[in-house]
Every structure is written in structure tokens, then in C-alpha cells.
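A short write-up of the structure that comes next.
The values are calculated or read from the model by the stated rules, or taken from the named source; none is laboratory data. Quantities reported herein were computed from a predicted structural model and do not represent experimental measurements. Cβ coordinates were reconstructed from backbone atoms using ideal geometry, including for glycine residues, and neighbour counts include every protein chain displayed. We work out accessible area using only protein heavy atoms, side chains counted, and drop any ligands, DNA or RNA first. Shrake-Rupley method; radii C 1.70, N 1.55, O 1.52, S 1.80 Å.
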Amino acid sequence: MISLQVFSAGKCQGVGFGYMVRHIARGFDVIGWGEHARDGRVELQASGEETEVRAFLDAIVQSELRAHIRNQTESRLSASPAANGFEIRHE
């Protein structure tokens, strides 16, 4: 199992980013959440088998969202995100 925190920067807000990520997540065995950060980035936390989490993140980058992502940073989390399935959080 692996748990990652990923920040996506670029034109990630106002383009349906959360909707698309939630839709993509349905095809993978991952749990976690995504939300818009105040600084304009999108934060994702995802947990699952490493191959599933990596495939999920690759699917995001290979989707039409790639035109909106300027860069991504990731770090490992010590615990799985608290979530039921994969959800989009709203402030």
C-alpha cells in the first residue's frame, strides 16, 4: 500500500478538474480525496496498491486535463487519507 499527496499547479480551477478526477478515479481501486487549494493548485490524496495509485495519477496526466497541468509535486503520506472511495471536497 502507498499513500500520496499530489499538488497540481496550472489552470486547475474552473475547468472541471475535480469532476474529471472523480470520474477517472472510478476506474481504479484507490481511496482518497481532492480539493482546490487557496493558492490555485489542486491537492489530491490517494491511497491503494502502488500500481493502482500510479496508474490513477498517470490517467489524470494523460486525460484532457494535461493541458491544464503545468507541474505536479508529490510526497508520501504516513497514513491513508480518511475517505470512502474517492471524493471531491468542497470548502
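Side notes on the structure shown:
- Single residue of region 3-30 satisfying the filter (charged (D, E, K, R) and over 11 Å from Ile69 (Cβ atoms)) that is modelled with the lowest pLDDT: Arg22
- Here Ala25 meets each of (1) surrounded by 20 or more Cβ atoms within 10 Å (Cβ to Cβ); (2) among the hydrophobic types (A, V, I, L, M, F, W, C); (3) under 16 Å from Ser78 (Cα atoms) with one exception, condition (3).
- So Gly10, is it surrounded by fewer than 19 Cβ atoms within 10 Å (Cβ to Cβ), touching a His at 6+ places or on another chain (Cβ under 7 Å) and not basic (Lys, Arg): yes
- Residue list for region 41-91, filter: over 21 Å from Gly16 (Cα atoms), open to solvent by 50 Å² or more (accessible area, probe 1.4 Å) and either charged (D, E, K, R) or in contact with an Asp or Glu (Cβ under 6 Å, 6 or more places away or on another chain) (or both): Glu49, Glu50, Glu52, Arg54, Glu74, Arg76
- Positions within region 28-40 being open to solvent by 40 Å² or more (accessible area, probe 1.4 Å) and under 12 Å from Ser3 (Cα atoms), in sequence order: Ile31
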